[in-house]
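Participant: This is the structure, below, for whatever I ask next.
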Amino acid sequence: MTNKTTESDSKYNHLEQMEIGELISNINAEDKTVPLAIEEQIECIERLISVIVLKMEQGGRLFYMGAGTSGRLGVVDASECPPTFGVEHGLVVGLIAGGDSAMWKAVEFAEDDTEQGWKDLEKHQINDKDVVIGIAASGTTPYVIGALEKCNENGIETGCIVCNSDSTVAKVAKYPIEVIVGSEFVTGSTRMKSGTAQKLVLNMISTAVMIKLGRVKGNKMVDMQLSNNKLVDRGTKMVMNQLNIEYEEAKDLLLTHGSVRKAVESRS
């Protein structure tokens, strides 16, 4: 039986009687505990990242799966990889129970379908080069459990990010990450500390993977998409500094070649 600390009673009470300053100070105090909980899982996170890098070097992809807040966080992280690192859409994929519409509005009972997760993966021709990470604060989401079980049966590497100890999801995943953040400020509201923990771990995973795949040079996003003026300006300054040339020349070079990496390589 999963020990659902995410559902345990908040250590704070009579929230409606607190002043705004007291409310947000207490929320902030709880948020400060999240990185410390993640620190205890660094080795587990490292093991999962190493597997993802290996599989992606072999042509594999990374899938995130979840429901509700957990699913939305996976979709957000996946969607940010192409503009940030210049990778093709479909290399990192976020799937949410209930489909795309569930990003904006909760789909009732979608997370309770044990078969739909695998069906969603099959739409992407999932194979044994890929890695699937289940994201579930509770660690009991049927949508995620069913998908991970089918992945294991088909020789597909599996990981998870959960916020309860000894959960079903963690027992199914080959590379579990269990970030135990304890009770939420508002009892059971896992969009708070649990969601923050999941977001931070997802940042670690996608950023470290992309760095190891060569998508960062030095400390710069040299393959970022030039999708707005701010990013064009940032890229221009990167090219300026790298090639020691004037702003306008750097900008012309950047826009001609479409990325910082290609602009710099054109002069090397």
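Participant: Taking the alpha-carbon distance from LYS123 and a cut-off under 17 Å, which lysines remain once sequence neighbours fewer than 8 residues away in the same chain are dropped?
Facilitator: Counting by Cα, and skipping residues close in sequence, LYS123 has these lysines nearby: LYS150.
Participant: Give the long-range amide H neighbours of SER165: residues separated by 5 or more places, or on another chain, with amide H under 5 Å away, using H modelled in the peptide plane at 1.01 Å from N.
Facilitator: ASN3, THR5
Participant: ³J(HN,Hα) across the stretch 110-122 via Karplus (A = 6.51, B = -1.76, C = 1.60, θ = phi - 60°), whole Hz, x for Gly/Pro?
Facilitator: Couplings: 4, 6, 8, 8, 6, 9, 5, x, 5, 4, 5, 5, 4 Hz.
Participant: In percent, what relative contact order does the chain have, based on Cα pairs under 8 Å that are 6 or more apart in sequence?
Facilitator: Relative contact order here is 23 percent.
Participant: Evaluate E = 1/(1 + (r/R0)^6) for GLU80 and LYS123, where r is the Cβ-Cβ distance and R0 equals 25 Å; express this FRET efficiency to the nearest 0.05.
Facilitator: E between GLU80 and LYS123, to the nearest 0.05, is 0.70.
Participant: Subtract the Cα-Cα distance of GLU39 and LEU23 from 0.36 nm times their separation in residues, and report this length gain in nm to one decimal.
Facilitator: Length gained between GLU39 and LEU23: 3.1 nm.
Participant: Counting other Cβ atoms within 10 Å, keep those with at most 10, restrict to DSSP loop, and tell me which GluC sites (Glu not before Pro) in the stretch 28-105 are left.
Facilitator: Here the GluC sites (Glu not before Pro) that fit, given the DSSP loop and packing criteria, are GLU88.
Participant: Something else: Could you give P(r) for the chain, binned at 5 Å from zero, as whole percent values over all Cα-Cα pairs?
Facilitator: 1, 6, 12, 15, 15, 13, 11, 9, 7, 5, 3, 1, 0
Participant: Given H placed on each backbone N at 1.01 Å, which residues far from TYR64 in sequence or on other chains put an amide H within less than 5 Å of it?
Facilitator: It is VAL93, GLY94, LEU95, ILE133, by chain and number.
Participant: With viscosity set to 0.692 mPa s and temperature to 37 °C, compute the Stokes-Einstein D of the stretch 43-103, Rh being the Kirkwood radius across alpha carbon pairs; µm²/s, no decimals.
Facilitator: It comes out at roughly 268 µm²/s.
Participant: Tell me the volume per residue, in Å³, of the convex hull enclosing the alpha carbons of the stretch 159-254.
Facilitator: Looking at the stretch 159-254, the number lands at 138 Å³ per residue.
Participant: Mind checking the full-extension length gain between LEU213 and LEU255? Use 0.36 nm per residue of separation minus the Cα-Cα distance, one decimal, nm.
Facilitator: Length gained, LEU213 through LEU255: 12.7 nm.
Participant: Oh, and also: Amide H of VAL222 versus every other amide H placed in the peptide plane: which residues, excluding those fewer than 5 positions away on the same chain, fall under 5 Å?
Facilitator: Under 5 Å from the amide H of VAL222 lie the amide H atoms of LYS217, each far enough along the sequence or on another chain.
Participant: To continue, here is another question. For LYS220, give me every one of the lysines with a C-alpha distance below 19 angstrom, ignoring sequence neighbours fewer than eight places off in its own chain.
Facilitator: Of all the lysines, those that pass the test against LYS220 - Cα under 19 Å, at least 8 places apart if same chain - are LYS212, LYS230, LYS237, LYS251, LYS262.
Participant: What is the gain in length, in nm to one decimal, between VAL186 and VAL107 on full extension, counting 0.36 nm per residue of separation less the C-alpha to C-alpha distance?
Facilitator: My answer for the length gained is 26.2 nm.
Participant: Restricting to DSSP loop positions (anything but H, G, I, E, B) with no more than 15 other Cβ atoms inside 10 Å of their own Cβ, which GluC sites (Glu not before Pro) remain in the stretch 216-268?
Facilitator: Sparse-neighbourhood loop GluC sites (Glu not before Pro): GLU246.
Laboratory data are not the source of any read-out in this text; all were calculated from the coordinates shown. The structure displayed is predicted, hence computed values, not measured ones. Neighbour counts are summed over all protein chains in view; Cβ atoms, including those assigned to glycine, are modelled from backbone coordinates with ideal geometry.
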